[in-house]
Amino acid sequence: MSTAKAVRAAIRKLPRGKPFTGARFLKHGARSAVDRALSRLAADGEIRRLAHGVFVRPRTSRFVGTVMPDIHEVVETIARRNGETIQIHGAEAARRFGLTTQVPIAPVFHTSASSRTIRIGAIAVRMVHTSNRRRLQFAGEPTGVALSALWYLGKSNVTPQAIATIKAALRPAEFEKLRSADIPAWMQKAFAGAAGETILG
């Protein structure tokens, strides 16, 4: 079977609406042949290019037409391909927990890789490098989102009420994981204060 036919057959087995990269098809042929096959399928409308090297089998709805994958899902696909760790930006994390009403103008993610802007369709996504590995703990998990929100709020705004709001939104095991994370002293004191505990020193 030719590379083009093998790639086409493999793609038709993929779920619609889930982003993927060309790397998963390299077992079917050389990268150049795989890239050509993907370009041909995109031109034929069988797949849609979301970003450089990232595609999706279009999913359609009779109400809204083509349904695009969530930006976060596309960025996670790119991160896995590149071997980088990403974390949702604190501003968006805080908004998700209802700790702020501010809506980021454009999607922003913390990354272990270099800072850059990637385009996903017509949307420009900012990837901001962070050398502080503690900010990337539990990436992709609710605990990681909560941690990112706390870093964003900062020492002066992490109140007992903010801790209570996050606790209510997480499962007990997720909240305990958050408390046991590698966090700075001011964050530890905030947790202790919210629980009525006292930390000496």
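The values are calculated or read from the model by the stated rules, or taken from the named source; none is laboratory data. Just so it is clear, the structure is predicted and the values come from calculations on it, not from any experiment. Note: ideal-geometry Cβ built from the backbone for every residue, glycine included; neighbour counts use all protein chains shown.
The condition of being buried (at least 19 other Cβ atoms within 10 Å of the Cβ), of a type in the set (A, V, I, L, M) and either at negative phi or assigned by TED's automatic domain parsing to the domain that holds residue 175 (or both) holds for residue 54. Whether any residue in the range 157-172 is out of contact with any helix residue (DSSP H, G or I) (no Cβ under 6 Å at 6 or more places or on another chain), assigned by TED's automatic domain parsing to the domain that holds residue 94, within 27 Å of residue 77 (Cβ to Cβ) and not in a loop (DSSP other than H, G, I, E, B) is what I want to check. Yes - at least one qualifying residue is present in the range 157-172. Screening residue 20 on (1) out of contact with any Gly (no Cβ under 8 Å at 6 or more places or on another chain); (2) at pLDDT 95 or above; (3) closer than 30 Å to residue 162 by Cβ shows it passes everything except condition (3). Scanning the range 25-45 for residues that are at positive phi and surrounded by 16 or more Cβ atoms within 10 Å (Cβ to Cβ) turns up just one, 29.
Within the set 146, 162, the sole residue that is over 18 Å from residue 19 (Cβ atoms), surrounded by 14 or more Cβ atoms within 10 Å (Cβ to Cβ) and in contact (Cβ under 8 Å) with a residue 60 or more places away in the chain turns out to be 162. Of all residues in the range 129-139, those being at pLDDT below 95 and loosely packed, with under 15 Cβ neighbours inside 10 Å number 4. Quick check: anything in the range 63-71 under 16 Å from the mean Cα position of the chain (by Cα), loosely packed, with under 14 Cβ neighbours inside 10 Å, over 30 Å from residue 164 (Cα atoms) and not basic (Lys, Arg)? For the range 63-71, residues under 16 Å from the mean Cα position of the chain (by Cα), loosely packed, with under 14 Cβ neighbours inside 10 Å, over 30 Å from residue 164 (Cα atoms) and not basic (Lys, Arg): absent.
Restricting the first member to the range 181-194 and to residues that are under 15 Å from residue 157 (Cα atoms), and the second to residues that are assigned to a helix (DSSP H, G or I) and of a type in the set (D, E, K, R), the beta-carbon pairs closer than 9 Å and six or more apart or on different chains are 184/134; 188/179; 191/179; 194/167.
Summed over the range 108-125, residues that are buried (at least 18 other Cβ atoms within 10 Å of the Cβ) and in contact with a His (Cβ under 8 Å, 6 or more places away or on another chain) total 4.
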